[in-house]
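The values are calculated or read from the model by the stated rules, or taken from the named source; none is laboratory data. A quick note: this is a predicted structure, and the numbers were derived from the prediction, not measured. Using ideal geometry, Cβ is built from the backbone for each residue, glycine included, and neighbour counts are taken over all protein chains shown. To get the accessible areas, we keep the full protein, side chains included, count just its heavy atoms, and leave off ligands, DNA and RNA. Shrake-Rupley method; radii C 1.70, N 1.55, O 1.52, S 1.80 Å.
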2 protein chains.
Amino acid sequence: MAIQIPRGTQDILPGDVETWQWIEQKAYDLCRRYNYQEIRVPMFEHTELFLRGVGDTTDIVQKEMYTFEDRGGRSLTLRPEGTASVTRAYVSNKLYGQANQPTKLFYIGPMFRYERPQSGRMRQFVQFGVEALGSADPAIDAEVLALVMRFYEELGLKNLKLVINSLGDTDSRLAHREALVNHFKPRIHEFCNDCQDRLEKNPLRILDCKKDRDHELMGTAPSIHDYLSTESKAYFEKVQSYLTALNIPFVVDATLVRGLDYYNHTAFEVMVDGEAFGAITTLCGGGRYNGLVEEIGGPETPGIGFALSIERAIMALEAQQAKPAHNQAIDCYVVTLGEAAKDKGVELVYQLRNAGISAEKDYLDRKMKGQLKAADRLHAKWTVILGEDELAVGKVNVKNMETGEQTDVALTDLVSHMKQQVEGGNES
Amino acid sequence: MAIQIPRGTQDILPGDVETWQWIEQKAYDLCRRYNYQEIRVPMFEHTELFLRGVGDTTDIVQKEMYTFEDRGGRSLTLRPEGTASVTRAYVSNKLYGQANQPTKLFYIGPMFRYERPQSGRMRQFVQFGVEALGSADPAIDAEVLALVMRFYEELGLKNLKLVINSLGDTDSRLAHREALVNHFKPRIHEFCNDCQDRLEKNPLRILDCKKDRDHELMGTAPSIHDYLSTESKAYFEKVQSYLTALNIPFVVDATLVRGLDYYNHTAFEVMVDGEAFGAITTLCGGGRYNGLVEEIGGPETPGIGFALSIERAIMALEAQQAKPAHNQAIDCYVVTLGEAAKDKGVELVYQLRNAGISAEKDYLDRKMKGQLKAADRLHAKWTVILGEDELAVGKVNVKNMETGEQTDVALTDLVSHMKQQVEGGNES
């Protein structure tokens with residue numbers, strides 16, 4: 001019996017993979033311009049990292065991690081997100097001691113969460129994220145927001161909505177926390193078990209609860225905005241004024257909390273509007289996490305970043321019919337007739353490929369007609385025909401498949417002839 | 001306390017990651033020319049796949065897999081190699097039914113083996129591999145060998161050695177198997193426990209044993225070459241004649257077996273010669289696996305491929321001092337003086353970046369001297385200086401850091417001016 005792919009994972013096949021390559025190139029080029037450099041961290045970490053770095057009251061840690069013991073008895077976890085790992089790498093490799101500061105990093109790679117698979121939610125999914133570590137300047141909050149909005153724009157997405165909030169500094173958060181506990185405590189028995197747990201551990205996350213979202217205490221809960229310290233207010237205003245100066249539209253939503261424990265000050269989400277897209281509207285989330293590096297065992301360091309799902313970006317492109325077609329044409333197909341010509345064909349494609357030309361030939365002993373069909377299916381721009389007669393006189397016939405134009409070319413000149421054709425064609 | 005990276009894994013940091021990006025670009029470009037298309041398969045599969053597709057007598061399956069149960073009780077395994085997964089994807093997605101045949105695929109990504117970490121052997125490592133499924137033409141064996149040799153050559157590696165062998169077809173293998181059992185059986189008690197197991201399960205793998213390599217029966221073991229069927233011999237000779245025609249040097253080694261169970265006909269390794277490289281000399285392994293697709297539950301399909309470790313390729317480049325330097329210079333650093341100029345600077349870098357220019361500014365409230373130093377560390381090609389005076393008259397000072405040449409440019413013209421400079425600079 002055939003073995004199935006694991007539930008919640010997918011193969012990305014030729015025909016689709018070109019979209020992924022295109023998006024990744026966009027991300028690479030954008031990060032080059034914004035001066036973010038790539039970092040690659042392992043697919044798994046010690047479980048302890050995510051308990052500390054994501055937060056043990058989060059759904060991710062409580063319900064969604066792929067945790068296992070290796071053969072040496074260590075508890076390892078497939079990374080459910082990138083920030084904890086990048087922060088761990090920042091500490092392990094003492095990047096805080098480098099001359100170039102802040103440390104501006106990006107990553108693209110798979111993440112793993114054991115969730116109920118549904119449209120736009122896979123157990124293995126790919127995130128593109130950036131992290132800027134070492135600066136508490138509101139200008140870098142604006143830079144990170146500008147980068148993510150620009151990313152979606154350069155992909156060609158429309159109807160984007162940037163939602164921002166401030167979660168304040170430690171003092172603001174403590175004051176707000178106390179107010180939340182006082183607000184929910186008298187009626188906490190009306191809430192779900194998770195929320196009852198959250199009340200003492202992390203009452204902010206009650207606001208994020210999907211089960212209790214319609215409880216009347218939700219709407220009247222104290223807003224963080226009433227508890228922001230003067231400094232936190234000024235910080236948040238400065239971020240907003242930069243966004244205005246950059247002509248990046250945004251809305252402030254005081255209820256935006258984000259699912260991870262480590263956020264403070266700026267928190268944000270990018271949503272996409274549109275009926276075609278159904279229930280999934282959040283494309284990207286992020287925020288500032290000034291306490292995280294210390295939590296992981298490093299020096300006190302401010303940080304801010306975002307993570308976005310490539311799968312969801314593709315879904316949004318599809319919903320908006322904005323996914324570009326990708327040209328998969330090859331340059332040259334070498335058609336051969338007879339055994340001697342076939343052997344020579346193996347040499348010709350080798351020489352063409354080594355000269356930078358994409359070339360293909362038959363490997364199924366197809367007759368001439370079948371080879372021409374194969375050339376057609378690969379959208380070959382030129383076909384090179386080599387039969388016994390041509391081989392005898394040391395020539396091939398080269399046909400431009402677009403114009404139908406044919407030329408006889410000496411075998412020894414084929415590579416330089418095709419190089420000229422291909423390079424000329426690319427310039428036009 | 002700081003959390004450590006898991007044993008046998010590594011962070012790839014800026015400064016090193018550029019080498020990885022460069023190698024990947026080489027692989028992508030080569031595969032484009034050879035008409036192999038990318039496939040991306042999940043990081044884990046049902047464990048059953050590797051038991052069947054790698055072989056349950058192999059070290060990989062017996063000792064090295066990261067196997068765990070997910071929260072639904074399924075046994076999953078982090079992929080220890082790529083061929084089994086790609087073959088599974090070929091079957092799951094019915095790629096054998098596509099019009100373009102053979103199906104020519106490549107992959108680049110992490111693999112996981114629980115081994116004793118040592119130089120060139122990590123628990124998470126990255127493989128580049130290709131698989132050509134659906135053709136039993138010796139020309140495609142030659143193509144795959146040509147591709148891998150070309151890959152290393154285009155990286156700039158020298159002193160490469162291609163070692164090939166034929167393991168024959170089923171009849172050849174059965175005859176050889178019987179001869180091996182007869183050869184070893186009388187004295188199998190002198191061999192290690194693993195070899196005693198292998199005698200009945202897979203006697204070919206005795207030849208691969210590291211513990212018993214010096215036993216006198218090893219040197220006198222029957223050679224597969226004495227048991228090759230006429231067809232197998234003809235196939236192997238054709239592969240060799242193609243390599244000769246392509247001027248690809250090779251040696252035949254009748255003892256080359258490869259660690260995986262599924263190989264038949266052509267098997268090969270690429271080695272690198274050189275004292276600087278120490279004990280690790282095998283860079284790449286591969287071969288033909290005509291029975292594997294059926295084993296996974298698909299139709300009878302011939303296949304051939306290779307896999308190579310990027311880590312080892314980099315080690316070889318380093319040993320040969322052939323690793324290229326990568327230019328990390330940014331185009332433009334915007335230096336600002338005073339609060340109003342700083343805010344304007346945020347806008348300027350945003351506009352420059354959106355116009356395709358890599359640009360950076362300060363986010364640490366550094367004074368002018370500190371900003372100029374930062375620009376220097378980033379090897380900025382131009383600095384743009386904006387103080388209160390310049391802001392008042394709507395101008396900036398642009399300095400070419402190579403020539404020292406300075407120009408005053410109107411703020412509103414900066415983006416177009418810099419675009420000209422950068423594009424002009426790239427052409428020269």
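Tabulated data for the structure shown
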item	result
Inter-copy spacing of B:Lys161 label points, which lie 7 Å from Cα along Cα→Cβ, given in nm from shortest upward	6.7
Shortest-first distances to equivalent copies, position A:Glu318, nm, label 7 Å out along Cβ	4.2
Of the DSSP H helices in chain A, those whose Cα atoms cover at least 18 Å axially and whose Kyte score averages -1.0 or more	A:138-155, A:170-184, A:230-245, A:339-354, A:414-427
Within 10 Å of each Cβ in A:158-167, the average number of Cβ atoms from other chains	0
Longest to shortest principal axis, alpha-carbon extents of the stretch A:332-427, angstrom	36, 28, 24
Closest approach to the axis - chain B beta-carbon, rotation onto A, Å	B:Phe68, 2
Theoretical FRET efficiency, 1/(1+(r/R0)^6), r = Cβ-Cβ of A:Arg213 and A:Glu154, R0 41 Å, to 0.05	0.75
Separation between Cα centres of the stretch B:353-428 and the stretch A:335-401, rounded to whole Å	52
Solvent-accessible area buried by A and B, counting both chains, probe 1.4 angstrom, square angstrom	8800
Radius ratio Rg over Rh of the stretch B:80-184, counting only Cα atoms, Kirkwood formula for Rh	1.03
nm² value of the averaged projected area, convex hull over the Cα atoms of the stretch A:205-332	13.3
Equivalent ellipsoid semi-axes - Cα gyration tensor, the stretch B:43-111, angstrom	24, 14, 11
All-pairs Cα distance distribution in the stretch A:153-198, expressed in whole percent, bin size 5 Å	5, 15, 15, 13, 13, 12, 7, 10, 8, 2
Carbon + sulfur, % of accessible area of the stretch B:8-119 - ligands and nucleic acids excluded, 1.4 Å	43
Residue-averaged beta-carbon neighbours from other chains (10 angstrom radius) around B:343-350	5
The stretch A:154-228, accessible surface, carbon-and-sulfur percent (1.4 angstrom probe)	44
FRET efficiency, A:Asn100 to A:Glu231 (Cβ-Cβ, R0 22 Å, nearest 0.05)	0.20
Convex hull (Cα only) mean projected area of the stretch B:98-257, reported in nm² to one decimal	12.3
Within a Gaussian network of chain B (alpha carbon springs, distance under 10 Å), most fluctuating of B:Leu105, B:Leu386, B:Leu160	B:Leu386
Cα-Cα pairs of chain B separated by more than 43 Å (percent)	31
Residue-normalised accessible area of the protein assembly as shown, expressed per residue, 1.4 Å probe, Å²	41
Those residues of the stretch B:367-392 for which accessible area with every protein chain present is at least 30 Å² below the isolated value (1.4 Å probe)	B:Arg377, B:Leu378
Computed over the protein assembly as shown, Kirkwood Rh from alpha-carbon pairs, angstrom	30.0
List of the stretch B:34-73 residues, accessible area with partners at least 50 Å² below that of the chain alone (1.4 Å probe)	B:Tyr34, B:Asn35, B:Gln37, B:Glu38, B:Arg40, B:Pro42, B:Met43, B:Phe44, B:His46, B:Tyr66, B:Phe68, B:Arg71
Candidates B:Ile330, B:Ile23, B:Ile60, ranked by Gaussian network fluctuation over chain B, Cα under 10 Å, top entry	B:Ile330
Apportionment of accessible area to carbon and sulfur, the stretch B:332-427, percent (1.4 Å)	48
Calculated P(r) tail over 15 Å for the stretch A:87-135, as whole % of Cα pairs	57
Label distances, nm, B:Gln62 versus same residue in remaining copies, Cβ-directed 7 Å point	4.6
Set A:Lys94/B:Lys158; A:Lys361/A:Lys395; A:Lys63/B:Lys94; A:Lys63/A:Lys158; B:Lys361/B:Lys419; A:Lys158/A:Lys233 screened for pairs whose C-alpha atoms are more than 24 Å apart	A:Lys94/B:Lys158; A:Lys63/B:Lys94; A:Lys63/A:Lys158; A:Lys158/A:Lys233
Alpha-carbon gyration tensor eigenvalues x 5, square-rooted, for the stretch B:1-132, Å	26, 23, 12
Computed magnitude of the charge dipole of the stretch B:332-427 (debye, nearest 20; Cβ of K, R +1, Cβ of D, E -1)	300
Fluctuation leader among A:Val41, A:Val257, A:Val54 - chain A, Gaussian network, Cα springs under 10 angstrom	A:Val41
Cβ-Cβ FRET estimate between B:Val251 and A:Lys419, R0 fixed at 30 Å, reported to 0.05	0.35
Scaled radius of gyration (Cα, divided by 2.2 N^0.38 Å) that the stretch A:389-428 gives	1.24
